[in-house]
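Reviewing the structure listed below.
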Amino acid sequence: MKNRFKLYLQLFLTFMKIGAFTFGGGYAMIPIIENETSKKKDWISGDDLIEVIAISESTPGPISICAATFIGYKVAGIFGAFCSTLGVVLPSFVIIYLISLFLREFEEIKAIKYAFFGIRAGVLALLVKAVITMFKKAPKNIVAYIVMALSFAAVVIFSVNVIVVIVSAAVIGICAALIARKAGKNIV
C-alpha cells in the first residue's frame, strides 16, 4: 500500500511539474511529457507515447489532460489517472485564479508583457520540437505522407474543421491497413 501511495504521489508531482512549467498548451507539453514519463521515469515507451498523443488528439478535451489521464491509468490504474490529471490541471487553475484577481493591474506591467513575449517564442520552439519528434516516430510510407500532406492542406489552406480532418485521416488509415492486409503487407 505504501508503494502504491508513493507511485500516486510521483504521478501527481510529475504532472504538476509539467503543468506548472509548460506554457503554450498541450503540444508544447509533449517534449516535456516525453522527457519526464518516458526518459526519466520509464513509465511509457516513446512509441507508446506517440500512440497516447494520437488517442489524446482524437478524444475530447485538451491534449495534455488526455495524455496525463492515459499515462496515469497505464501506470497505476484509475486512481493513477486521477492523480496525473489533477497534477497537470492544478497549476493552471491556481495561476488563472490568481491572475483573475489582479488582471487589470497585472496586464499593465511592462515586465509581464516582455515575459509573455519571450514565452511565446519559447512555446514556438517547443511546438516545432513536438512536430519533429512526432514526425520521426510516425510511420514512413506513402499513405502516411499523403495523409500528412492532405491534412496540412485541409487545415492550413482550406480551414477545414480539425475534427473532420482527424476522422478522415482515421478512415484513410483503416482503409489502407485493410487493403495492405489483403495484399499480405503491414503498413504500420
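Numbers at a glance
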{"read-out": "Verdict on K40 being out of contact with any helix residue (DSSP H, G or I) (no Cβ under 9 Å at 6 or more places or on another chain) and basic (K, R)", "value": "no"}
{"read-out": "Within the range 1-90, helices (runs of 4 or more DSSP H) holding 2 or more residues that are among the β-branched types (V, I, T) and within 18 Å of L127 (Cβ to Cβ)", "value": "26-33, 46-57"}
{"read-out": "Residue check for I132: open to solvent by 80 Å² or more (accessible area, probe 1.4 Å) and closer than 23 Å to E36 by Cβ", "value": "yes"}
{"read-out": "Per-region count, the range 18-45, residues touching a Pro at 6+ places or on another chain (Cβ under 9 Å) and open to solvent by 90 Å² or more (accessible area, probe 1.4 Å)", "value": "1"}
{"read-out": "All positions within the range 137-163 that are out of contact with any helix residue (DSSP H, G or I) (no Cβ under 7 Å at 6 or more places or on another chain) and surrounded by 12 or more Cβ atoms within 10 Å (Cβ to Cβ)", "value": "P139, N141, A144, Y145, I146, M148, L150, A153"}
{"read-out": "Odd one out for I99, checked against (1) over 18 Å from I63 (Cβ atoms); (2) open to solvent by 50 Å² or more (accessible area, probe 1.4 Å); (3) touching a helix residue (DSSP H, G or I) at 6+ places or on another chain (Cβ under 8 Å)", "value": "(2)"}
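The values are calculated or read from the model by the stated rules, or taken from the named source; none is laboratory data. Please read these numbers as outputs of a predicted model, since none were measured by experiment. Ideal geometry is used to build each Cβ from the backbone, glycine not excepted, and the neighbour counts take in all protein chains shown. The protein model used for the area step is the full one, side chains on, heavy atoms only, and it has no ligands, DNA or RNA in it. Shrake-Rupley method; radii C 1.70, N 1.55, O 1.52, S 1.80 Å.
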